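The values are calculated or read from the model by the stated rules, or taken from the named source; none is laboratory data. Just so you know, these numbers come straight off a predicted model, no measurement behind them. A quick note on method: Cβ atoms are made from the backbone with ideal geometry, for glycine too, and the neighbour counts reach across all protein chains shown.
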Amino acid sequence: MILGVLVLVCVIGLPLYCIIDAATRSSDDFRAVDSNKTLWVVLPFVFGIIAAIAYLVAVRPKFKIPRQ
């Protein structure tokens, strides 16, 4: 039961977190790290946890300016 809840939180929560994080950043932030805002808002929605992990590992650490 607990494992099922944990898996559900990861499968739904992590992509949702990435979508919100990407959506609240400006397009200029994404341009500064040679990426695309629209891409990172849509990919976690379509591909779920795989795209969310890719965003967290490859794109998010490049942002130097915290969200305002």
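Data overview
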read-out: Whichever residue in segment 1-23 is surrounded by 15 or more Cβ atoms within 10 Å (Cβ to Cβ) and not aliphatic (A, V, I, L, M) and, among such residues, is nearest to the chain's Cα centre (by Cα); value: Cys18
read-out: Condition check for Val59: surrounded by 13 or more Cβ atoms within 10 Å (Cβ to Cβ) and in contact with a Ser or Thr (Cβ under 8 Å, 6 or more places away or on another chain); value: yes
read-out: Segment 21-35 residues that are within 17 Å of Ala51 (Cα to Cα), paired with ones that are modelled with pLDDT of 95 or more and aromatic (Phe, Trp, Tyr) (beta carbon under 9 Å, 6 or more apart); value: Asp21/Trp40; Asp21/Tyr55; Ala22/Trp40; Ala22/Tyr55; Ala23/Trp40; Phe30/Trp40
read-out: Qualifying residue in segment 26-46 (condition: assigned to a helix (DSSP H, G or I), in contact with a Lys or Arg (Cβ under 7 Å, 6 or more places away or on another chain), over 22 Å from Leu8 (Cβ atoms) and not charged (D, E, K, R)); value: yes
read-out: Candidate set: segment 47-68, residues that are in a loop (DSSP other than H, G, I, E, B) and of a type outside the set (Phe, Trp, Tyr); chosen: the one modelled with the highest pLDDT; value: Gly48
